[in-house]
Amino acid sequence: MTVRFGPKTWFWIFLLVGIGTRLARYLAAPPIFGDEAAIGLNIVNKSFAGLLGGLDYQQVAPVGFLWIERAMFEIMGMHERSMLLWPTLASVAALIVFACWTRILLEPMASAIATGILAMSEFTVRHSVELKPYSGDLLFSLLLLLPATLYLVQRRDRWLACVVAVTPLALFMSYPSTLTAGGIWLVLAAVVFRRKKRSAALVLAFGIVLAVSFLCLVLPAGTRQYAQTQNFMLDYWKDAFPPAAPLHFVAWILRAHTGGMFSYPFEGGSPPWSAGNFALFALGILYWLRLGRGNFVTLLLLPFGLTFLAAVLHHYPYGGNARITQHLVPAIIVFATLGLVDLFRRLGVLEPEKRSRLAFGITFAILLMLGVGQSIYSHVVLARDLRPEALVRRFVRTVAIDVGESPTFIKLNDLPYVFPWYVRELNQSIVATTLDRLDPARLSGPLWVIVTSSAPEQKNALERMIGRPSTADWVFSTGSGKSENRTVAYGFRPLSSIPAK
């Protein structure tokens, strides 16, 4: 007997494998990397009230995200399983909401493909288990799009009321949701007021709630955070702001739409690796316009326009990186899927039936292998992680276990935030100093001095200054790429040595 997998079966396979892939990555407990540690140190070192102000270490994040993470820290403690729980749950919820949303928007075959792309995409899986608000950006944009779409399909006021109710929570939890909500309001206002529906009062209420939520929930905290990070952010994201010169602008717009922003399901990263995805995206837009679905095209494209406008004003980057455009992912995947289906039709792949099954079978098999591969990666590679962050985590935890009491960590260089994060996990802090300011008289107990040079004379100088020989050395790298450094940690223990690693 031949088993045939139809669109509905593939839909459920992708949904379940996508959830499993995210949970597998969470259970693998990947180490916190530099940017995560930077925002995490704000969360564990500041109170709920303190998180309403500016953030240290050049960080920006919505207050709702910060408060949920602070609550996780208070309830479950400071470790990966507690601090990564909310991003994981948000990602799983986003996948489920997206799957429901596509079943309203798309035919069964396209819905299955779109769900598979989101479920298996490298960027969405990676950002699902990070101590950052990216998975929340995707979730709350979808929670706004779902009732808005249902209203356009059914024209029932209850869906407008749902959009109004979700808006304050979305803006509290996700800064980019402001752009999604703004686009939705413009579409609904045009539809409702043009037809003079009774829904006009609800759309007006939506606009008022959106404005008040922005002024009360986004602007105060965002302004305080931006005041501390403005110079850094403007420099860091300078390539994601459109240039004024026409020729440079054309080159910029091409790079923005052929790079990381459109890297689904595969991680393209640098232009022009996502040019094919953008071509499918454009083809999908044209396909829907031919079908007369202009309202839905506008609904999904307006957040792009508002994000671009924010980039013109230097308030929010456009393109540049997938992580800051998670609110645009639903539209990218839906239009790319429509473009793929339309391309199959144009090439005659959909007829006869056997070729149709073959074409979609290959598509589904690629997506499924990508999801299974990421699950294997989570279980095998992350479990034996040799990245700098994993080595730092292993170093700090091993030292704490071997010493048997709280060691004192002294750093004599500029080290990434991962070191302070894992030392803070021990309820310790790093003594940031320089060699000439080190006061041996104030140092007692087990010491670990972290430096970036392994020169013997530096080690000898430390031994003379501290008054005891080094009992163990750790050597590992910190940073990555051009910023990678060879870091050495020298251990000093009064009575017994620690085995060298």
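Just so it is clear, none of the values below were taken in a lab; they were calculated from the coordinates. None of the values given here were measured: they were computed from a predicted structure. As a convention, Cβ positions derive from the backbone with ideal geometry for all residues, glycine included, and neighbour counts pool all protein chains shown.
How fast does the chain diffuse by Stokes-Einstein, in µm²/s, taking the Kirkwood radius from C-alpha pairs at 37 °C and 0.692 mPa s? Intermediate results must be reported in sequence, preceding the final value.
Working: Rh = 24.9 Å.
The diffusion coefficient I find is 132 µm²/s.
Using only Cα atoms, find the angle between the long axis of helix 108-120 and the longest principal axis of the chain, and express it within 0 to 90 degrees, rounded to the nearest 10.
Between helix and principal axis, roughly 10 degrees.
Report the gain in length on full extension from residue 198 to residue 226: 0.36 nm times residue separation, minus Cα-Cα distance, nm rounded to one decimal.
Result: 6.0 nm gained on full extension.
Rounded, prolate or oblate: which one fits the stretch 73-117, using the alpha carbon gyration tensor with axes a ≥ b ≥ c (rounded when a/c is under 1.5, else prolate when a/b beats b/c, else oblate)?
On the way: a/c = 7.84, a/b = 3.77, b/c = 2.08.
Prolate is the answer for the stretch 73-117, as a/c is 1.5 or above and a/b outweighs b/c.
So what is the relative contact order of the chain, in percent, for Cα pairs below 8 Å that sit 6 or more residues apart? Walk me through the numbers on the way to the answer.
On the way: 761 pairs, mean separation 82.0, N = 501.
Answer for the chain is 16 percent.
Output the peptides 333-342, 48-57 sorted from most to least packed, where packing is the average of other Cβ atoms within 10 Å over each peptide's residues.
Result, highest mean first: 333-342, 48-57.
If you place +1 on the Cβ of every Lys and Arg and -1 on the Cβ of every Asp and Glu, how big does the dipole about the Cα centre of the chain come out, in debye to the nearest 20?
Value, rounded to 20: 1520 debye.
For the chain, what is the number of Lys pairs with C-alpha distance below 30 angstrom, counting only pairs 8 or more positions apart or on separate chains?
14
Sorted by packing (mean other beta-carbon atoms within 10 Å per residue), highest first, where do 198-210, 164-176 land?
In descending order of packing, they fall as 164-176, 198-210.
Compute the angle between helix 219-236 and the longest alpha-carbon principal axis of the chain, please, reported from 0 to 90 degrees and rounded to the nearest 10.
Rounded to the nearest ten degrees, it is 70.
Would you be so kind as to identify which of 448, 221, 291 lies farthest towards the positive end of the dipole of the chain, taking Lys and Arg as +1 and Asp and Glu as -1 on Cβ and the Cα centre as origin?
Final value for the positive-end residue is 291.
Of 15, 250, 63, which is farthest along the charge dipole of the stretch 7-382 in the positive direction, counting Lys and Arg as +1 and Asp and Glu as -1 at C-beta?
15
How would you rank 300-312, 106-118, 280-292, highest first, on the average number of other Cβ atoms within 10 Å across their residues? Kindly include the intermediate steps, with their values, before the conclusion.
Working: 300-312: 19.0, 106-118: 23.8, 280-292: 16.5.
Peptide ranking by packing, descending: 106-118, 300-312, 280-292.
Roughly what % antiparallel, to the nearest 5, for the DSSP beta bridges in the chain? Mind dumping the intermediate values first?
Details: 12 of 19 bridges.
Once the DSSP bridges in the chain are tallied, antiparallel ones form about 65 percent.
Counting helices only, and only those DSSP H runs with n ≥ 4, report the 222 nm mean residue ellipticity of the chain as the sum of -39,500 (n - 2.57) divided by its residues, in deg cm²/dmol to the nearest 500. Kindly include the intermediate steps, with their values, before the conclusion.
Working: 20 runs with 303 residues, N = 501.
Only helices count here, giving -20000 deg cm²/dmol.
Using Cα atoms only, what is the angle between the long axis of helix 7-27 and the major principal axis of the chain, expressed in degrees (0 to 90) to the nearest 10?
That works out to roughly 20 degrees.
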